[in-house]
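A.B. asks: The structure that follows is given in the form of structure tokens.
The values are calculated or read from the model by the stated rules, or taken from the named source; none is laboratory data. Values in this document were obtained by computation on a predicted structure and should not be read as measured data. Neighbour counts run over all protein chains shown; Cβ positions are idealised from the backbone, glycine included. Remember, those area values only see protein heavy atoms, side chains included, never the ligands or the DNA or RNA. Shrake-Rupley method; radii C 1.70, N 1.55, O 1.52, S 1.80 Å.
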Amino acid sequence: VQLQASGGGLVQAGGSLRLSCAASGSIFSINHMGWYRQASGKQRELVATITNVGRITYAESVKGRFTISRDNAKNTVYLQMNSLKPEDTAVYYCKLVHYSGRGPDYWGQGTLVTVSS
């Protein structure tokens, strides 16, 4: 399984970015997907998840600003990020979570999001 994340970049506070994560090598639609992020010097944290039936969860810090979605026909999960804040600066990773919950799970390579004040 390979996950290719893209869409990161430099944006001013208040701006928007859309991250994409394309999966290959697995039956994408039956697995759950998630976005995580890791800021410099901090632990990786969950940003948003979407299950194989479309159930969604968000971290409190991004609720109302970020939207996760998936396109099973394109084997891709998205993270639309609006009203970005400097504290959103991090490397963003996508994760494929096996539908069984017992693994194996897979990580993408990460894409850097930098929000300037």
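A.B. asks: With the structure loaded, tell me whether VAL47 is buried (at least 19 other Cβ atoms within 10 Å of the Cβ) and in contact with a helix residue (DSSP H, G or I) (Cβ under 7 Å, 6 or more places away or on another chain) or whether it fails that test. Give the derivation first.
C.D. replies: On the way: buried (at least 19 other Cβ atoms within 10 Å of the Cβ): yes; in contact with a helix residue (DSSP H, G or I) (Cβ under 7 Å, 6 or more places away or on another chain): yes.
Yes.
A.B. asks: Please go through the range 67-80 and pick out each residue that is at negative phi and over 10 Å from the mean Cα position of the chain (by Cα).
C.D. replies: ARG70, ASP71, ASN72, ALA73, LYS74, THR76
A.B. asks: Now, a different point. Out of THR89, THR57, THR49, I need the residue that is touching a Ser or Thr at 6+ places or on another chain (Cβ under 6 Å), polar (S, T, N, Q) and more than 24 Å from ASN31 (Cα to Cα). Which one?
C.D. replies: Within the list THR89, THR57, THR49, the selection yields THR89.
A.B. asks: Continuing with this model, one more query. Of a type in the set (S, T, N, Q), more than 16 Å from TYR99 (Cβ to Cβ) and without any contact (Cβ under 8 Å) to a residue 60 or more places away in the chain: does that describe SER61?
C.D. replies: yes
Yes/no matrix, rows are residues, columns are (1) hydrophobic (A, V, I, L, M, F, W, C); (2) free of Cβ contacts under 8 Å to residues at least 40 places away in the same chain:
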site	(1), (2)
ILE68	yes, yes
VAL77	yes, no
VAL91	yes, no
VAL97	yes, no
ASP105	no, yes
GLN109	no, no
VAL115	yes, no
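A.B. asks: Can you tell me which residue in the range 14-37 is farthest from the chain's Cα centre (by Cα), limited to those that are open to solvent by 30 Å² or more (accessible area, probe 1.4 Å) and among the hydroxyl-bearing types (Ser, Thr, Tyr)?
C.D. replies: Out of the qualifying residues, it is SER26.
A.B. asks: Sort through SER69, SER6, SER26 and tell me the only one that's under 18 Å from TRP107 (Cβ atoms), of a type in the set (S, T, N, Q) and touching a strand residue (DSSP E or B) at 6+ places or on another chain (Cβ under 6 Å). Write out each step before concluding.
C.D. replies: On the way: SER69 fails: under 18 Å from TRP107 (Cβ atoms); SER26 fails: touching a strand residue (DSSP E or B) at 6+ places or on another chain (Cβ under 6 Å).
Unique residue meeting the criteria: SER6.
A.B. asks: Being of a type in the set (Gly, Ala, Ser), touching a residue at least 12 places away in the same chain (Cβ under 8 Å) and closer than 12 Å to THR114 by Cα: is that true of GLY25 here?
C.D. replies: Judged against the criteria, GLY25 is not a match.
A.B. asks: Just name the residue that is farthest from TYR36 (Cα to Cα) out of those in the range 101-117 that are part of a strand (DSSP E or B) and open to solvent by less than 60 Å² (accessible area, probe 1.4 Å). Outline the logic, then answer.
C.D. replies: First pass over the range 101-117, keeping only residues part of a strand (DSSP E or B): 106-107, 111-116.
If we keep only those that are open to solvent by less than 60 Å² (accessible area, probe 1.4 Å) too, we end up with 111, 113-116.
Working: THR111: 11, VAL113: 12, THR114: 15, VAL115: 16, SER116: 20 Å.
Of everything passing the filter in the range 101-117, SER116 is farthest from TYR36 (Cα to Cα).
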